[in-house]
1. So for the pair Arg99, Ser72, with labels modelled 7 Å out along Cα→Cβ, what separation do we get in nm?
2. Dipole magnitude of the chain about its Cα centre, charges +1 at Lys/Arg Cβ and -1 at Asp/Glu Cβ only, in debye to the nearest 20?
3. Determine the per residue accessible area of the chain with all protein chains present and a 1.4 angstrom probe, expressed in square angstrom.
4. Just the C-alpha atoms of the range 3-104: what Rg/Rh do they give, with Rh taken as the Kirkwood radius?
5. With a ≥ b ≥ c taken as the square roots of the eigenvalues of the C-alpha gyration tensor of the range 52-114, please select rounded if a/c is under 1.5 and otherwise prolate if a/b is larger than b/c or oblate if it is not?
6. Please give the net charge around Leu105, taking every other residue with its beta carbon less than 10 angstrom from that of Leu105, where Lys and Arg add +1 and Asp and Glu add -1.
7. Identify, among Ala18, Thr79, Asn41, the residue whose Cα sits farthest towards the positive end of the charge dipole of the chain, taking +1 on the Cβ of Lys and Arg and -1 on the Cβ of Asp and Glu, with the dipole about the Cα centre.
8. Return the calculated 222 nm mean residue ellipticity for the chain, to the nearest 500 deg cm²/dmol, obtained by summing -39500 (n - 2.57) across DSSP H runs with n ≥ 4 and dividing by the residue count.
Amino acid sequence: MSEPINVGPVEEIEEGEAKVIDADDTGTGNDISIFHSEDGNFYALDDECTHETASLAEGWIEDGEVECPVHSARFCLKTGEALCLPATVNARIHKVEVRDGDVLLYPGVSPNAG
């Protein structure tokens, strides 16, 4: 498993908001957004909408989904599944955990990985 990136304290990302981690830091070739959902959980998806160039971090977070701010494609925060047109390709997800009050991102590691 890759070494995690310490994204910062939990309180740094308010519920319903997101924080973008630069591609230079993720090592994946893509910016990654960390989302703090209204249920208190944290999720990570590649930041770019799979339909057209737009930052998902600038979208709206509601009911465990993020809506792209450009053409309203929606993605499941937990699975990355594209939930409606115009997006037809799922977003890549990454493992996130909270440890000792900090949010840790594991770029390129599936949340389902042991």
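The values are calculated or read from the model by the stated rules, or taken from the named source; none is laboratory data. Treat the numbers as computed from the prediction; the structure is a model and nothing was measured. So basically every Cβ, Gly included, is an ideal-geometry build from the backbone, and we count neighbours across all protein chains shown. Keep in mind that these areas ignore ligands, DNA and RNA; they rest on the heavy atoms of the full protein, side chains included. Shrake-Rupley method; radii C 1.70, N 1.55, O 1.52, S 1.80 Å.
1. Here the answer is 4.2 nm between the modelled labels.
2. Working: 6 positive and 25 negative charges, 105 e Å.
Dipole of the chain, to the nearest 20 debye: 500 debye.
3. Working: 6090 Å² over 114 residues.
Result: 53 Å² per residue.
4. Working: Rg = 12.6 Å, Rh = 13.3 Å.
For the range 3-104, the value is 0.94.
5. Values: a/c = 2.33, a/b = 1.78, b/c = 1.31.
It is prolate, given that a/c is not under 1.5 and a/b is the larger ratio.
6. Working: positive: Lys19, Lys95; negative: Asp25, Glu97.
Surrounding charge for Leu105 is 0.
7. In the chain, that residue is Thr79.
8. Details: 1 runs with 4 residues, N = 114.
Helices in the chain give a 222 nm mean residue ellipticity of -500 deg cm²/dmol.
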